[in-house]
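Engineer: Below you'll find the structure I mean.
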């Protein structure tokens, strides 16, 4: 009798779970691999709290844009935001969800890399090939008291088209007129020298294996893999270490009130304690078919998901920006 009773209870519990799943709204998204961890974490949180099932495919920013334009997903995600003309043509609403940072890593035997300091023009000189050795006077001037070797500088960049490269080269274009004129910004540029590697892991491996190696990776990757990072000078002239406090300081100093299409320039924002290489990742939803369930998902993520974001080394948006995003959301349709 007891076994029969527990069988009935278990069957009822399974039935209730199945009923909950059947009654949950399911939404689909695709795009940015950088944003995939936070959308996964937010998706887990809303399963029970908001009865939402989120199916997100990490297929890259370009594919995410193409899929939302084709209306094969409910939202797209991209690290490279669309301009106003593209948003209008695609009938899309765009907004940032979280922010991240790019850091510079290096491998220089006999030198504590975490003590090194660089500024924007010197970093551009390293990657454009005009600085060839670590004991170059321009590097030595920024690092008094550090015994820099005659080792050749060996820059590594992303061989694959990436949002990380877009942010990094956009920063170099902002701080170096010669970089802007000669190379410019893009997910893939004509690098004047150095070696290429695929992904954060490829760049990091290349740096670790090369005496004099230097490269750029996402902060979360550097932190999780315990990679030493170089301090960078910001616009105020302060040398800054990358951490959550310096990221949030940069975000607070950004010109959010002038952000067209909700796209804000987070590079070298001018905050006294702000990290200079920051960017946001963006979401695209159709203005002509913005599902109410998608709004619920991002409202929950933006308003309740800061702890999850920080736990994954993302930077949450300022509260005023979140409120503005939700207030301007297109009129939703039910589905």
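Engineer: Going through region 210-232 one residue at a time, which ones are modelled with pLDDT of 95 or more and over 26 Å from residue 81 (Cα atoms)?
Structural biologist: 210, 211, 212, 213, 214, 229, 230, 231
Engineer: In the set 160, 83, 119, which member is closer than 21 Å to residue 264 by Cα and under 24 Å from the mean Cα position of the chain (by Cα)?
Structural biologist: None of the other options fit; the residue is 83.
Engineer: Further question on the same structure: Determine which member of the set 227, 232 is in the same structural domain as residue 122 (by TED's automatic domain parsing), farther than 30 Å from residue 69 by Cα, touching a residue at least 60 places away in the same chain (Cβ under 8 Å) and in a strand (DSSP E or B). Outline the logic, then answer.
Structural biologist: Values: 227 fails: in a strand (DSSP E or B).
So the residue among 227, 232 that is in the same structural domain as residue 122 (by TED's automatic domain parsing), farther than 30 Å from residue 69 by Cα, touching a residue at least 60 places away in the same chain (Cβ under 8 Å) and in a strand (DSSP E or B) is 232.
Engineer: Exactly one of these conditions fails for residue 179: (1) surrounded by fewer than 22 Cβ atoms within 10 Å (Cβ to Cβ); (2) not in a loop (DSSP other than H, G, I, E, B). Give me its number.
Structural biologist: Residue 179 satisfies all of (1) surrounded by fewer than 22 Cβ atoms within 10 Å (Cβ to Cβ); (2) not in a loop (DSSP other than H, G, I, E, B) except (1).
Engineer: Something else: Condition (residue is surrounded by 16 or more Cβ atoms within 10 Å (Cβ to Cβ), part of a loop (DSSP other than H, G, I, E, B) and at positive phi) applied to region 202-210: is it met by at least one residue?
Structural biologist: no
Engineer: Looking only at residues in region 258-285 that are assigned to a strand (DSSP E or B) and in contact with a helix residue (DSSP H, G or I) (Cβ under 7 Å, 6 or more places away or on another chain), which one is farthest from residue 41 (Cα to Cα)?
Structural biologist: Filtering region 258-285 down to residues assigned to a strand (DSSP E or B) leaves 278-285.
Next, from what is left, pick out any that are in contact with a helix residue (DSSP H, G or I) (Cβ under 7 Å, 6 or more places away or on another chain): 278-279, 283-285.
Numbers: 278: 22, 279: 20, 283: 16, 284: 19, 285: 20 Å.
My answer is 278.
Engineer: Does residue 148 satisfy the condition of being modelled with pLDDT of 95 or more and not in a loop (DSSP other than H, G, I, E, B)?
Structural biologist: Numbers: modelled with pLDDT of 95 or more: yes; not in a loop (DSSP other than H, G, I, E, B): no.
Here the answer is no, as residue 148 does not meet what is asked.
Engineer: Would you confirm whether or not region 104-124 contains a residue that is within 30 Å of residue 308 (Cβ to Cβ), outside the structural domain of residue 295 (by TED's automatic domain parsing) and modelled with pLDDT under 95?
Structural biologist: Taking every residue of region 104-124 in turn, at least one turns out to be within 30 Å of residue 308 (Cβ to Cβ), outside the structural domain of residue 295 (by TED's automatic domain parsing) and modelled with pLDDT under 95.
Engineer: Yes or no: region 134-143 includes at least one residue that is without any contact (Cβ under 8 Å) to a residue 12 or more places away in the chain and farther than 16 Å from residue 230 by Cβ.
Structural biologist: Scanning region 134-143, I find at least one residue that is without any contact (Cβ under 8 Å) to a residue 12 or more places away in the chain and farther than 16 Å from residue 230 by Cβ, so the answer is yes.
Engineer: Could you count how many residues in region 232-283 are surrounded by fewer than 20 Cβ atoms within 10 Å (Cβ to Cβ) and over 19 Å from the mean Cα position of the chain (by Cα)?
Structural biologist: Total satisfying the criteria: 11.
The values are calculated or read from the model by the stated rules, or taken from the named source; none is laboratory data. Keep in mind the model is a prediction, meaning the values are calculated, not measured. Because the Cβ atoms are built from the backbone with ideal geometry, glycine has one as well, and the counts that use them run over all protein chains shown.
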